[in-house]
Amino acid sequence: MRHPARTALFALAALLAVAAVPASLVRAEDAEDSGDAAVQQPAEETAKALFERLEKAVNESRNAAIAAYKAAVEKEQKAAEAEGRAAVMPAYDMAAGMAAHIAEFQSAAARFAGTDDAVQFLTWLAMAARTDEAGKAALGTLLSEHLRSGAITRLVSMLPFVGRDLGPARVRSVLDSIIADNPHPDVQAQALITRSASRRSADPAAARADVERAAGLAEDAKIVARAKGILTELDHLQIGSVAPEIEGADLDGVAFKLSDYRGKVVVIDFWGDW
Amino acid sequence: MYPHERSLVKRLADAPFALIGVNSDTDLDKLKKRMDEENITWRSFWNGPAGTGGPISTAWNVRAWPTIYVLDAKGVIRFKNVRGERLDKAVDELLAELSAAESSD
């Protein structure tokens, strides 16, 4: 059996990874120091470089927070074992230290306000601070100023989650207007894929038509592949379908095919050691 | 997952059954060490250097790991994402079906 503390830690790491909610145990004073460093950056730092730097700082905070939490858990376990009592898991403060990061992303979004360069900062805020005023304001700006932008693909892919508080009808109308009015094929294609997922059970034919349209429209190879994968799943990966062929190589580089195993009951397990 | 897969593979070593992996790790040397440690003996396709973004999982629209499909002897998908006891039952049901079909031939 897994140790409960380890399980708690895995659950925490999974939560952070899934929600992409950065967290930090860095004290406010430390965070302010890094704020000063940001001011001293050369003015010509590009939006992309700035985004990467801010994101890296968030990751460092998050890793430090996880390490600190892990250390606290281990310390408590040892103490509990020595004292012959049940361990009491320490609380984990996800919001600690986030305010400084949020302020930095807000100031970057303000610096590039009204341009495509603002979108990545606003999208980060809408995700990471989803339930706070900062996140809601960022989402509001994205929806009022950037619906015709070519830089909103990522936002569109996450819209049902990021816009959960808006309700499904509003999310749907945003997607409809992007599909109708956004001039960028990849953004339109992503909106079609997102809309398709939301009406898969209610209207499977319309859901399939959306994905087919996305596959034809998209220019980005990744979006094309994603749309084709969904079509394969809808058409060939249902219970009762003959499984599509897999041709590839095993971990030693030896070629083989799924159909080599015809005549046997086969369990296909998509796995990774993580 | 590994202990259950190991016991399934061991229990059905003589049955017309195969567990086929599609592995999405990117560091094969590290993976092979882990497979030795965990006694992972079943064969896997490699999903390539793009990991979870590789061609096989993309073609099959896999968005969560692990994802499980259970196929009958004709290659027809009969179960999806069954785990634990339900996976054992699914496989046993299909093996029984296969042996009934063979004895009626």
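Could you list, in sequence order, all residues of the range B:59-85 that are among the small types (Gly, Ala, Ser) and more than 7 Å from every other protein chain (Cβ to nearest Cβ)? I'd like the intermediate steps shown before the answer.
Looking only at the range B:59-85, we keep the residues that are among the small types (Gly, Ala, Ser), and these are B:59, B:64, B:73, B:75, B:84.
Result: B:Ala64, B:Gly84.
Within the range A:241-255, how many residues turn out to be assigned to a loop (DSSP other than H, G, I, E, B), at pLDDT 95 or above and loosely packed, with under 13 Cβ neighbours inside 10 Å?
Residues in the range A:241-255 being assigned to a loop (DSSP other than H, G, I, E, B), at pLDDT 95 or above and loosely packed, with under 13 Cβ neighbours inside 10 Å: 2 in total.
Return the total of residues in the range A:256-271 being surrounded by fewer than 19 Cβ atoms within 10 Å (Cβ to Cβ), of a type outside the set (S, T, N, Q) and either closer than 15 Å to A:Pro244 by Cα or more than 7 Å from chain B (Cβ to nearest Cβ) (or both). Quick ask: steps written out before the conclusion?
Taking the range A:256-271 first, the residues surrounded by fewer than 19 Cβ atoms within 10 Å (Cβ to Cβ) are A:256-257, A:259-260, A:262-263.
Now narrow it down to the ones that are of a type outside the set (S, T, N, Q): A:256-257, A:260, A:262-263.
Filter again for either closer than 15 Å to A:Pro244 by Cα or more than 7 Å from chain B (Cβ to nearest Cβ) (or both), leaving A:256-257, A:260, A:262.
Number satisfying all stated conditions: 4.
Among (1) surrounded by 20 or more Cβ atoms within 10 Å (Cβ to Cβ); (2) more than 30 Å from B:Tyr69 (Cβ to Cβ), which single condition is A:Ala189 missing?
(2) is the only condition that A:Ala189 fails.
State the number of residues belonging to the range A:96-149 that are over 18 Å from the mean Cα position of the chain (by Cα), farther than 18 Å from A:Glu55 by Cβ and outside any helix (DSSP H, G or I).
8
Hey, among the residues in the range B:54-79 that are open to solvent by 50 Å² or more (accessible area, probe 1.4 Å) and more than 13 Å from the chain's Cα centre (by Cα), which one's nearest to A:Leu251 (Cα to Cα)?
B:Pro55
Quick one: is B:Ser44 in contact with a Leu (Cβ under 6 Å, 6 or more places away or on another chain) and within 15 Å of B:Asn23 (Cβ to Cβ)? Quick ask: steps written out before the conclusion?
Working: in contact with a Leu (Cβ under 6 Å, 6 or more places away or on another chain): yes; within 15 Å of B:Asn23 (Cβ to Cβ): yes.
The answer is yes for B:Ser44.
Conditions (1) in contact (Cβ under 8 Å) with a residue 60 or more places away in the chain; (2) more than 8 Å from chain A (Cβ to nearest Cβ); (3) not in a strand (DSSP E or B), marked per residue:
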{"position": "B:His4", "(1), (2), (3)": "yes, yes, yes"}
{"position": "B:Ser7", "(1), (2), (3)": "no, yes, yes"}
{"position": "B:Asp25", "(1), (2), (3)": "no, no, yes"}
{"position": "B:Asp29", "(1), (2), (3)": "no, yes, yes"}
{"position": "B:Arg34", "(1), (2), (3)": "no, no, yes"}
{"position": "B:Phe45", "(1), (2), (3)": "no, no, no"}
{"position": "B:Pro49", "(1), (2), (3)": "no, yes, yes"}
{"position": "B:Thr52", "(1), (2), (3)": "no, no, yes"}
{"position": "B:Ser57", "(1), (2), (3)": "no, no, yes"}
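Which numbered condition trips up B:Val82, out of (1) touching a Gly at 6+ places or on another chain (Cβ under 7 Å); (2) open to solvent by less than 10 Å² (accessible area, probe 1.4 Å)?
Checking B:Val82 against (1) touching a Gly at 6+ places or on another chain (Cβ under 7 Å); (2) open to solvent by less than 10 Å² (accessible area, probe 1.4 Å), the one that fails is (1).
The values are calculated or read from the model by the stated rules, or taken from the named source; none is laboratory data. In this text, all values refer to a predicted model and were calculated from it rather than measured experimentally. Don't worry about glycine lacking a Cβ; one is built from the backbone with ideal geometry, like all the others, and counts go over all protein chains shown. Only protein heavy atoms, including side chains, enter the accessible area calculation; ligands, DNA and RNA are left aside. Shrake-Rupley method; radii C 1.70, N 1.55, O 1.52, S 1.80 Å.
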